[in-house]
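Structure record follows, encoded as structure tokens.
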Amino acid sequence: MKYWFTSIFGSLFFCASLAAQSSEIDTIPFSLEKRLIVFRGSINGTPIDFAFDTGSTTTVSNTNTNASANIEVLAGQRKVKDANQQVAKIDNTFIPTLAIGRKKVTNFKGLSYNMQYLNCANLVLLGQDVIKKFNWKIDFQKQVLYISNTPFKTDYRMITWPITYKGGRPHINFAVKGKIYSNCLIDMGFTQIFDVNQNVDGLDNESKNKIGEQKAKQFITSSMGLLGLGKPDTVTYFVADSLYINNTLFTKVPVSLSNKTDTKLGVQFFNGACKQLVFNFSINTMHLLLKNEEIAPLNQFDAAVIMQDGNLVVASKNINARSTASALSIGEHVKAVNGKHYSDFTSECAYLLWTYQYKEPTITIEKMNGEIITLKRSTLL
């Protein structure tokens, strides 16, 4: 009988311990300095910076993080397609232990690919294979993540959006002028606001009206996906008057519209619109505590210059009449950016990280003929 009581007590204690563990909430600081939600965790006991990406089905490392965290690259490759619709075969990996706070995922397969920015910034892209195992509360004002095995309790002021999954990635509905679309990806690895494919008729028509009213900007640009820069495309940036996202009315929403993109909401939509954002993946819902203020458009330079094969190359330009980039051409080689030649940077990574951190209102471009052009940031009216 004594043994029976001891066994029951032990079982009750064990169950209580499991319950306590399942209800534990980890608190992790994050930063948006690198345009993504970046926070510290570990792989195989080695500290690693993760970039939170709900738009990726799989966790993606690179040669730098593979070496530092002893991530095993497996034989064989997997075919993937990125947001630019580019397809390639990339390496499989095996990760024995990935930890974020007290939360752990063990013995799972990831991918390895040297996406330039992630490789340069020594980031591991944390994908849905890990993210969906937990529930996440993102406090944009405090810049803190809360992670739980059980769903978070929601504030009565929050709005709730149901999530559906396509290809392992979370999607929601949105509506424009009464027409409902079900293909909007929640992509926290997308650094901008709201990318929309031109097949959304209501916004396509509105963009044309905004162009006629000179309230839109058109760029020829190449967007960055997992597999690198896509082919140049015309992208129209404007502020949509109104649209519904999962039955929630938003007004004055900055939109980028093109025919070579997935429709997706990016991290800057939620950073601009929300005080807090909850992903309760356990019950397939999102919950938003809104700021009740307009989302500020992202102001970008009238042209973008990348470093490619030892050259400084124009990869994007504003083609509007008043653009400060009118004297530049896509694919043109230039001599210097802000007086810096390609040889002034130790690597393409050094150049890329410099451009990502550059926040001044103007930047100068020196053409091969010595002409100096001062680029300004585009603003949407």
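Could you check the range 316-325 and list, in sequence order, the residues that are crowded, with 21+ Cβ neighbours inside 10 Å and either part of a strand (DSSP E or B) or at pLDDT below 90 (or both)?
Once the filter is applied, which keeps residues that are crowded, with 21+ Cβ neighbours inside 10 Å and either part of a strand (DSSP E or B) or at pLDDT below 90 (or both), the range 316-325 yields 316, 317, 318.
Only one of 312, 288, 328, 352 is closer than 30 Å to residue 246 by Cα and crowded, with 17+ Cβ neighbours inside 10 Å; which?
On the way: 312 fails: closer than 30 Å to residue 246 by Cα; 328 fails: closer than 30 Å to residue 246 by Cα; 352 fails: closer than 30 Å to residue 246 by Cα.
Exactly one of 312, 288, 328, 352 is closer than 30 Å to residue 246 by Cα and crowded, with 17+ Cβ neighbours inside 10 Å, namely 288.
What residue, of 275, 264, is in contact with an Asp or Glu (Cβ under 9 Å, 6 or more places away or on another chain), assigned by TED's automatic domain parsing to the domain that holds residue 202 and surrounded by fewer than 21 Cβ atoms within 10 Å (Cβ to Cβ)? So that I can check it myself, show each step before the final result.
Numbers: 264 fails: surrounded by fewer than 21 Cβ atoms within 10 Å (Cβ to Cβ).
Unique residue meeting the criteria: 275.
Residues 256, 282, 242: which one is in contact with a strand residue (DSSP E or B) (Cβ under 6 Å, 6 or more places away or on another chain) and without any contact (Cβ under 8 Å) to a residue 12 or more places away in the chain?
Working: 256 fails: without any contact (Cβ under 8 Å) to a residue 12 or more places away in the chain; 282 fails: without any contact (Cβ under 8 Å) to a residue 12 or more places away in the chain.
None of the other options fit; the residue is 242.
List the number of the failed condition for residue 281; all other conditions in (1) surrounded by 23 or more Cβ atoms within 10 Å (Cβ to Cβ); (2) farther than 24 Å from residue 241 by Cα hold.
Result: residue 281 fails condition (1) only.
Given the condition in contact with a strand residue (DSSP E or B) (Cβ under 8 Å, 6 or more places away or on another chain), assigned to a strand (DSSP E or B) and farther than 27 Å from residue 166 by Cα, answer yes or no: does some residue in the range 106-113 qualify?
no
Going residue by residue through the range 207-215, is there one that turns out to be of a type outside the set (Ser, Thr, Tyr), surrounded by 18 or more Cβ atoms within 10 Å (Cβ to Cβ) and within 30 Å of residue 327 (Cα to Cα)?
yes
Of these, 56, 112, 68, 31, which one is in contact with a Gly (Cβ under 8 Å, 6 or more places away or on another chain) and either surrounded by fewer than 17 Cβ atoms within 10 Å (Cβ to Cβ) or touching a residue at least 12 places away in the same chain (Cβ under 8 Å) (or both)? Even if it seems obvious, please write down each step before you answer.
Values: 112 fails: in contact with a Gly (Cβ under 8 Å, 6 or more places away or on another chain); 68 fails: in contact with a Gly (Cβ under 8 Å, 6 or more places away or on another chain); 31 fails: in contact with a Gly (Cβ under 8 Å, 6 or more places away or on another chain).
Answer to the selection: 56.
Look through the range 367-381, keep the residues that are touching a residue at least 12 places away in the same chain (Cβ under 8 Å) and of a type in the set (S, T, N, Q), and return whichever of them is farthest from residue 306 (Cα to Cα).
Ranking the candidates gives 379 first.
Could you tell me how many of the residues in the range 326-338 are over 27 Å from the mean Cα position of the chain (by Cα) and closer than 21 Å to residue 231 by Cα?
Number satisfying all stated conditions: 6.
For the structure I just gave you, tell me whether residue 180 is closer than 29 Å to residue 257 by Cβ, hydrophobic (A, V, I, L, M, F, W, C) and free of Cβ contacts under 8 Å to residues at least 40 places away in the same chain.
Working: closer than 29 Å to residue 257 by Cβ: yes; hydrophobic (A, V, I, L, M, F, W, C): yes; free of Cβ contacts under 8 Å to residues at least 40 places away in the same chain: yes.
So residue 180 passes the test.
Of the residues 155, 195, only one is acidic (Asp, Glu) and farther than 28 Å from residue 232 by Cα; which?
Going through 155, 195 in turn, the sole match is 155.
Out of all the residues in the range 339-366, which are closer than 15 Å to residue 311 by Cα and part of a loop (DSSP other than H, G, I, E, B)?
Correct list: 339, 341, 345, 346, 347.
The values are calculated or read from the model by the stated rules, or taken from the named source; none is laboratory data. Nothing here was measured: the structure is a model prediction, and the numbers come from that model. Here the Cβ is made from the backbone with ideal geometry for all residues, glycine too, and neighbour counts use every protein chain on show.
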